[in-house]
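Just below is one structure, and these are the notes that go with it.
Any read-out appearing in this document is the output of simple, stated calculations on the displayed coordinates, not a laboratory observation. Bear in mind that the values here come from a model prediction, so they are computed numbers and not experimental data. Positions of Cβ are generated from backbone atoms using ideal geometry, with glycine treated the same way; all protein chains shown enter the neighbour counts.
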Amino acid sequence: MKNFSQRIENIKESPLTRWDSEIKKAMRNNGNIISLNSGQPDFDVPSVVKEKIIKVANQPNGEGNNFYISVQGSEEVRKAISLFQKEVFDLDYLSEEIILTNGAKEGIFLSLGALIDPGDEVILVAPYWSTYREIINFFGGKVAVVSTNKDFHLDIEKIESTVTKKTKAVIINSPNNPSGAVYIKKELEQLAEIARHHNLYVISDEAYGTIRYSDIDYCSIASSEGMKDRTIIVNGFSKSFSMTGYRLGYTFSSVEIAKAMLKIKSNSTGNTNSFFQAVIANALLDHFDELVVSYESMRKEFEKRKNFLCKELDELGVEYVDPEGAFYVFVRIPSKSGMNSEKFSKYLLNNLGIAVAPGIFFGDDFDSYIRISFASSIENIKEATRRIKGII
Ligand code: PLP
């Protein structure tokens, strides 16, 4: 048989997906494992969304959205998302600047597919979600990793000194998975200055945008002067509304970039799930306030868990930075353990029945970290830290 494509040779399966399968296997043998590894909220779908699911399903043939629709997404849902983003994040996008995607993940794939030629460099701010790295590799781009400062915020000087003639784009993710950092306006302004000066695109993954804990001046880099046309915002309903499996995401970009991305989408996935677009359009247009209440109550519950977990981590005396958003704490492994992040995570899984994610999955510089997810109950967090207290 002939070889598979070089593109496939260039990429690896997502380490988080692989690790998740290992955890599930361990769970089948041991019913007492606590998962603090989850990358998805553990809440129910908002009740107004459930109501709309039933309503749309019962519509007559055709109106039930069983047919192909616009590859870009229905006009109705794009208008509804445009209103939502204006209200919640003060972002102004017209429906022609929006594409409905199969989760934020497809948004990242389309963005890099539209921008990257083989040999182009993409600056990746680390710690990072590994999908960015693999998709850059898939398109033949070169990953230029730039680590953040010790608070996990942008190191602007390092970013600027990494730019070369071949640099095409920078990828940022705020609120950040895994560090929980939320970039402030000032640092985004500084990054925008670099992007304008060196003529770079920015892919801004804002998937955790509604999950924030501090009162900092949150905004998108796209709102900086001259940045709207050079930024692709990637977002979705997975994290804010606990709907990871429904696979509904979206991008905001200039019309020109949207057209480029649609060339890929129209020849690959086609339209994103039409049924669920109708559900979300109905829910956003009829029950906007209830949806805001629902993500806000989820955020408050996450905040309680975060505070509880951080208190426990303080008692354990481990090093971490209090997360400003998302639902993870990136914790330094005590050096006396003498283990790297995969060994330590395996030790926690096999000896203490606690599942966390190894820091190495988020960049080579982070092999002395683990990511603890608080998308799990306070009881679970309490029991996990009780088990750890015995060994640290
Ligand atoms: N972006 C980040 C930073 C993530 O952590 C994840 C999922 O874990 C995604 C995007 C993917 O989200 P979606 O379910 O919308 O594809």
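Worth pointing out:
- Across the stretch 234-245, rounded Karplus estimates of 3J(HN,Hα) from the backbone phi angles (6.51 cos²θ - 1.76 cosθ + 1.60, θ = phi - 60°) give 10, 8, x, 9, 4, 8, 5, 10, 6, 9, 4, x Hz, Gly and Pro being marked x.
- Distant-in-sequence amide H partners of TYR201 (H built 1.01 Å from N, under 5 Å): ALA169, VAL170
- The trypsin sites (Lys or Arg not before Pro) of the stretch 139-223 meeting both criteria, a DSSP state outside H, G, I, E and B (loop) and at most 16 other C-beta atoms within 10 angstrom of the site's C-beta, are LYS150, LYS165, LYS166.
- Counted by Cβ distance under 12 Å from ILE33, the other residues give a net charge of +2, where Lys and Arg count +1 and Asp and Glu count -1.
- Neighbourhood charge, 12 Å Cβ-Cβ cut-off, centred on SER297 and excluding it, Lys, Arg +1 and Asp, Glu -1: -2
- Restricting the calculation to alpha carbons of the stretch 8-84 gives Rg and Dmax of 19.7, 48 angstrom.
- Placing +1 on the Cβ of every Lys and Arg and -1 on the Cβ of every Asp and Glu, with no other charges, gives the chain a dipole of roughly 1340 debye about its Cα centre.
- Ranking of VAL163, VAL49, VAL293 by neighbouring Cβ atoms within 10 Å, starting from the fewest: VAL293, VAL163, VAL49.
- Cβ crowding within 10 Å ranks SER240, SER223 as SER223, SER240, fewest other Cβ atoms first.
- Each part reduced to its alpha carbon centroid, the stretch 244-310 and the stretch 175-210 end up 19 Å apart.
- Gap separating the Cα centres of the stretch 64-124 and the stretch 347-378, nearest whole Å: 31
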